Amino acid sequence: MRQGSFITFEGTEGAGKSTQIRILEHRLKDSGFDVCSVREPGGTQAGERIREILKDPDLKGQLTPEAELFLVSACRAELVRSVIRPALKAGKIVLCDRFFDSTLAYQGFGRGLDLAQLQAIIGYSVGETRPDLTLFIDIPLDVSLLRRSARAQAASGEPTTDRFELSGDGFFTRVENGFRELAAMAPERIRSIDGQGSQDEVAALIWDAVVKLRL
């Protein structure tokens with residue numbers, strides 16, 4: 001595996017991306033690599049403030065799909081130029097919790113925006129900064145619902161949702177199918193990982209995909 005590699009994680013809510021990023025980060029560091037972990041939307045001071053707007057449940061129905069798209073794209077443009085590119089230039093392995101595939105899945109397949117127009121906006125936002133490997137953690141919608149409920153209960157004692165989670169089952173079905181379609185369209189970059197196993201089982205599948213890529 002070479003230094004200066006860019007790996008993104010994708011999947012619907014509750015797929016376990018954040019946990020698996022931490023596991024992979026520790027394993028890479030133990031193997032002697034310098035690792036930078038970031039998330040979308042967010043990852044910068046400005047981006048984290050925009051993230052709060054995007055996820056605020058009180059704003060349900062108050063952001064059009066187009067407004068949502070441009071807020072996400074603003075976060076991404078800042079993150080790419082302020083964090084990701086410098087880290088890659090310094091020879092670090094960058095792990096990113098969501099990237100442009102989430103825009104295609106959420107704002108494209110989920111919200112119904114034109115995919116060709118999204119690709120153009122993504123291209124302007126990221127330029128030539130593209131993932132070397134994308135790990136799509138695939139779980140069914142019912143598993144996603146159960147995990148989100150359990151996560152909310154553990155965090156606060158009461159079920160909580162963010163603005164995206166209030167979008168309904170139909171939305172998440174379209175998002176889930178969208179991720180699978182994207183994976184089928186780009187098999188050389190996107191690796192589908194069965195996310196229904198234990199944390200250790202999923203982590204083993206991810207490590208195998210990373211090692212096989214020989215970045």
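Distance between the 7 Å Cα→Cβ label points at residue 45 and residue 146: 4.4 nm.
Placing a label point 7 Å from the Cα of residue 34 along the Cα-to-Cβ direction, the residues of segment 87-124 whose backbone N falls under 15 Å from that point are 87-95. Once the 1.4 Å probe is applied to the protein heavy atoms, the chain comes out at 48 Å² accessible per residue. Scalar couplings 3J(HN,Hα) for segment 134-146, obtained by applying the Karplus form with A = 6.51, B = -1.76, C = 1.60 to θ = phi - 60°, are 10, 9, 9, 7, 9, 9, x, 4, 5, 5, 4, 4, 5 Hz; x denotes Gly and Pro. Which of rounded, prolate, oblate describes segment 1-109, given a ≥ b ≥ c as roots of the alpha-carbon gyration tensor eigenvalues and a/c under 1.5 marking rounded, otherwise prolate only if a/b is larger than b/c? Prolate, since a/c reaches 1.5 and a/b exceeds b/c. To put it simply, the accessible area of the chain at a 1.4 Å probe is 51 percent carbon and sulfur.
Computed 3J(HN,Hα) for segment 81-86, one whole-Hz value per residue from the Karplus formula 6.51 cos²θ - 1.76 cosθ + 1.60 where θ = phi - 60°, is 7, 8, 10, 5, 4, x, glycine and proline marked x.
Along segment 184-190 the Karplus relation, 6.51 cos²θ - 1.76 cosθ + 1.60 evaluated at θ = phi - 60°, assigns HN-Hα couplings of 5, 7, 9, x, 6, 10, 9 Hz to successive residues, with x for each Gly and Pro. When each of the peptides 198-207, 65-74, 12-21 is scored by the mean number of other C-beta atoms lying within 10 Å of its residues, the order from highest to lowest reads 12-21, 65-74, 198-207.
Under 5 Å between amide hydrogens, built in the peptide plane, is the criterion, and for residue 190 it picks out 134 among residues at least 5 positions away or on other chains. Evaluated at q = 0.22, 0.28 Å⁻¹, a Debye calculation over the C-alpha positions of segment 61-134 (equal weights, vacuum) places log10 I(q)/I(0) at -0.99, -1.40.
Pairs of lysines in the chain whose Cα atoms sit within less than 29 Å of one another amount to 11, provided the residues are eight or more positions apart or on different chains. Close amide-amide hydrogen proximity is noted between residue 93 and 4, 5, 34, 35, 36, each under 5 Å apart and 5 or more residues distant or on a separate chain (H modeled in the peptide plane; Pro and chain starts excluded). For the chain, relative contact order (Cα pairs under 8 Å, six or more residues apart, normalised by length) works out to 34 percent.
The values are calculated or read from the model by the stated rules, or taken from the named source; none is laboratory data. Please read these numbers as outputs of a predicted model, since none were measured by experiment. Counting neighbours? That spans all protein chains shown, and the Cβs are built from the backbone with ideal geometry, glycine included. We work out accessible area using only protein heavy atoms, side chains counted, and drop any ligands, DNA or RNA first. Shrake-Rupley method; radii C 1.70, N 1.55, O 1.52, S 1.80 Å.
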